[in-house]
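The values are calculated or read from the model by the stated rules, or taken from the named source; none is laboratory data. Here the structure is a predicted model, which means the values were calculated and not measured. Methodologically, a virtual Cβ is constructed for each residue, glycine included, from the backbone with ideal geometry; neighbour enumeration extends over all protein chains shown. Note: areas computed on protein heavy atoms with side chains; ligands, DNA, RNA excluded. Shrake-Rupley method; radii C 1.70, N 1.55, O 1.52, S 1.80 Å.
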Amino acid sequence: MEFGLSDEQRMLAESVRRFADQNVDAERLKALADAGETADTGLVEGLAGLGTLGIVTPEGAGGSAMTLLDACLVQQALGRNAVPAPFTASAILAPIALAAAASGGDWLPRLAAGEARIGVGLSEAAGRRAGTGIELDGERASGTARFVLDGVGADAWMLTTTDGGLILVDADAAGATCVALTTIDRTRSFAEITLKRAPVTLLMQPGADPTLLPRLLAAGRTALAFDSLGACERMLERAVAYAQERKQFGRVIGSFQAVKHLCAEMAADLEPCHSLCWYAAYAAAAYPEEFELMACHAKAHMGEVGQFVARTATEVHGGMGFTHEMGLHYFFKRIGVNRQLLGNPDQVRQHAAALQGWRRAG
Amino acid sequence: MDLKLSERYEDYREAVRVFLEEHRSVWRQPMADSDGRPSAAGRSWQALLIEHGYTCRTIPKQYGGHGGKADILESFIAAEEFHRVGAPTGLANQGISMFVPTLLECGTPEQKERWIRPTISGEIVWCQGYSEPGAGSDLANLQTRAVEDGEDFVVNGQKIWTSSAHFSDMMFVLVRTEPEAPKHHGISYLILSMDTPGIEVRPLKTMTGRAEFNEVFFTDVRLPKTQIVGERGAGWQVANTTLKHERGMLGDPGQANAMLGRVVAIMEEETLDGVRLIEHSGLQDRLLRLQARAQAMKLHGLRLLTHGLKGEDAGVARLIVKLNGTILNHEIAAFAIDVLGELGALYEDSPHLKDRGFWQTTHMFSLGLIIGGGTSQIQKNIISERGLGMPREPKPASKGA
Ligand SMILES: Cc1cc2nc3c(=O)[nH]c(=O)nc-3n(C[C@H](O)[C@H](O)[C@H](O)COP(=O)(O)OP(=O)(O)OC[C@H]3O[C@@H](n4cnc5c(N)ncnc54)[C@H](O)[C@@H]3O)c2cc1C
């Protein structure tokens, strides 16, 4: 019995953390994020060099066939520095789906090498807003997918259809358009993809594998929870460090109990999140029957804790925390967007209720 | 990451299950008499638990313990199985959970010989005399005095919030023996019999309406000088070994999950306007928030267990348990009261009372646990100072310091 990270997992996280520290310091983050540069080639190459882009990809397809937990530890390390590079869609979600669909062509090795990118749109599977949804008609598709993760500048988009299928659309397919959605988070890109009788590859026939979309959604939710976990860790560290430098009333503000207690509350909320997130990711392979529910818990709970930490760590910095200059806001915003993506806590809890058979029929 | 247990531990789990099934008739009886003391069934159950090593596992046989090696995984598995069927985990009083571990670390061979066996068997009941009217969170400010007189100590002063004192045989108590020394250095840890002349116990009702704790007054109470644990003036260090054991005890995540399971059962059964409460979206949302927190704390417990198995210090992860665990338990009870609605307001022997008033009592009692054993604010001081390395409170200039 061991509930913790292995030495290999710790080393993996450490190597990505080091990479992020070296390549995305505060200055670089500001330069990239302010320019909306969410796919800096240097960073993508670096992540490919570390082997992280093929982390869940099968070995035969150029990957290292590691677990969702390993991939999520990378995600957490990226969240720690708000790294402006596409990862969740191209390195976690797309490979899982392509490997399951067994009709992924040569995408897998190209994704693993960082030579291609796929944007993934699962928002409609998590909850469909009016005006969205994609209908399939033979080998052509029409409709709109919103909040396609890492969608801007991608080579293809992986989208869900309203009847529960999964399709892949080439970015240069006739009838496919991509509009960048500007969000508060400038470290990742989100796209709205509109299809007008665009030719598509059907990765999964509606209903062919009833577990695939739920699994993908759960993987996405878990990854986003880890991203927020990393960002929260960093915000708390920065708050604690700042509180020991900044002086008011002749003493460091970290010696005021009101400030210490804010930090203690953040730590007390955050510590158990590690375990909850670990378990959700671990369940993907070890306890598949629990995966969806645990992913809901991790996503919803991390959403709530994330909101508290993002706000509180900012408060500890006083006016400085509110400035653009300080750069804390990149984390605040990343956590804020993670909270909404693939279902905000309220939506996700409703899903968790349904999974436990607690929703009224109709 | 591997949650599977080796065969040896799976066998152990099976043995615990068989044991619990076999002795169901013992543990289904009340563990305490109406005066609060362990019942005959409670003592028989305790004896069975010691014999099988489900409690007092590492206490040497010569003192009446099980005399086994520590195996935190076995203890964890046993606790899980006990919680699963709702079996009591043995007598839990401050003598067993706090005094005995302290004695094992700091007591003389004679003291261990004399006190441990009757304490763990439930024959002797102890209370903890620490808090005073002027010394709660600031425990080291305690003023109850003991002076030497020939072969005796003579104690004068007052304790307060002393749980169980009204039915206890003995007390372990902190007193000031060196009034001139800095406040942490003038304290001694004594043990005294509650029937010594000069002790007066006045029960205090708690908000539950029951007399759960007391004021205890000392007027020229004499005890032999041999009844000191540790050195004279070293009582603060001795007491800290005890506090360590108390904090380990509070905030058990198994309890949170067990309570949530009971709330779900109520929500699946009870209806409002013909709709099951479990389908009521507002309650459902709160239930799910608590469920996530309880899961997180349960898994956090597994993480700490893993650190323990490897002999690692879990650092800040360990320091948050009392704060989070006691608050979570209280909030689950508060939620259960909301689930019951007006029925949640019933009390004592009212008609329609659910679960014999368990939720009402637990709602209040769990608030006491947030306060006792170091309040939440004190826990936050500990987390920020020891866990996050933030500056300690500036000390007021104190005499002799
Ligand atoms: C159910 C129950 C059982 C108990 N059983 C026993 C027992 O058997 N034996 C025994 O000796 N004691 C017992 N106690 C006493 C318990 O240890 C004290 O109540 C506790 O330590 C708090 O002390 P206090 O009551 O004096 O509160 P105070 O210390 O006066 O605290 C009042 C408020 O001030 C806050 N506060 C105090 N100091 C600080 C600080 N430095 N920073 C920030 N906030 C602060 C507290 O957090 C609290 O909110 C029991 C208490 C309860 C509730």
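If the chain linking B:LYS205 and B:GLU110 were pulled fully straight, counting 0.36 nm for each residue of separation and taking away their Cα-Cα distance, it would gain 30.5 nm.
To one decimal place, what Kirkwood hydrodynamic radius in Å is obtained for the protein assembly as shown from all pairs of distinct Cα atoms? Averaging 1/r across every pair of different Cα atoms and inverting gives 29.0 Å. Here the 3J(HN,Hα) profile of the range A:336-344, calculated from phi with Karplus coefficients 6.51, -1.76 and 1.60 at θ = phi - 60°, is x, 6, 4, 4, 8, 5, 6, x, 7 Hz, Gly and Pro shown as x.
Using R0 = 51 Å, the C-beta based FRET efficiency linking A:ASP163 and B:ALA92 works out to 0.35. Legend: calculated FRET efficiency, B:THR226 to B:THR58, from the Cβ-Cβ distance at R0 = 30 Å, rounded to 0.05, equals 0.70. The range B:70-147 and the range A:235-295 have their alpha-carbon centroids 32 Å apart. Label sites at B:ASP195 and A:ALA174, each approximated as a point 7 angstrom past Cα along Cα to Cβ, lie 10.3 nm apart. Divided by 2.2 N^0.38 Å, where N counts the residues, the Cα radius of gyration of chain A comes to 0.98.
Within the set of other residues whose C-beta is less than 14 Å from the C-beta of A:GLY138, count the net charge using Lys and Arg as +1 and Asp and Glu as -1.
Numbers: positive: A:ARG140, A:ARG197; negative: A:GLU135, A:ASP137, A:GLU139, A:ASP163.
Taking every other residue near A:GLY138 into account, the sum is -2.
Principal axis analysis of the Cα atoms in the range B:125-234 yields extents of 41, 28, 21 Å, listed in decreasing size.
When the chain is fully extended, how far beyond the present Cα-Cα distance does A:ASN344 get from A:ALA26, taking 0.36 nm per residue of separation? Working shown, then result.
Working: separation 318, 0.36 × 318 = 114.48 nm, distance 2.86 nm.
Difference between extended and current length: 111.6 nm.
Comparing the full protein assembly with the isolated chain, the residues of the range A:1-50 losing at least 50 square angstrom of accessible surface (1.4 Å probe) are A:MET1, A:GLU2, A:PHE3. With a simple spin-label model that places each label point 7 Å from the Cα along the Cα-to-Cβ direction, the separation between B:ALA79 and B:GLN237 comes to 2.9 nm. The reciprocal of the average 1/r between distinct C-alpha atoms defines the Kirkwood hydrodynamic radius, which for chain B equals 23.1 Å.
Built from the Cα atoms of the range B:319-363, the convex hull projects on average onto 3.0 nm², one quarter of its surface area.
Output the 0 to 90 degree angle, nearest 10, between the alpha-carbon long axis of helix B:321-340 and the longest principal axis computed from the alpha carbons of chain B. Here the helix axis deviates by roughly 50 degrees.
Protein heavy-atom accessible surface, 1.4 Å probe, per residue over the protein assembly as shown: 43 Å². Under 5 Å between amide hydrogens, built in the peptide plane, is the criterion, and for B:ALA32 it picks out B:SER39 among residues at least 5 positions away or on other chains. Taking amide hydrogens as placed 1.01 Å from N in the peptide plane, the amide H of A:ALA176 sits under 5 Å from those of A:LYS196, each at least 5 positions away in sequence or on another chain.
Indicate, rounded to the nearest 5 percent, the antiparallel portion of the DSSP beta bridges found entirely in the range A:119-204. Within the range A:119-204, antiparallel bridges account for around 90 percent of the total. Amide H to amide H distances under 5 Å link A:ALA141 with A:ARG197, A:ALA198, A:VAL200, where only residues 5 or more positions off or on other chains count and H is placed in the peptide plane. Between B:GLN46, B:GLN158, B:GLN291, the GNM of chain B built on Cα springs shorter than 10 angstrom shows B:GLN291 fluctuating the most. Counted residue by residue at 0.36 nm each, then reduced by the alpha carbon distance between them, the extension gain from B:VAL275 to B:LEU5 reaches 93.0 nm. Summed over both chains, the accessible area lost when A and B associate is about 4300 Å², using a 1.4 Å probe. Size descriptors for the range B:250-387, from the alpha-carbon set: Rg then Dmax equal 16.9, 55 Å.
The long axis of helix B:109-120 is offset from the longest Cα principal axis of chain B by roughly 30 degrees.
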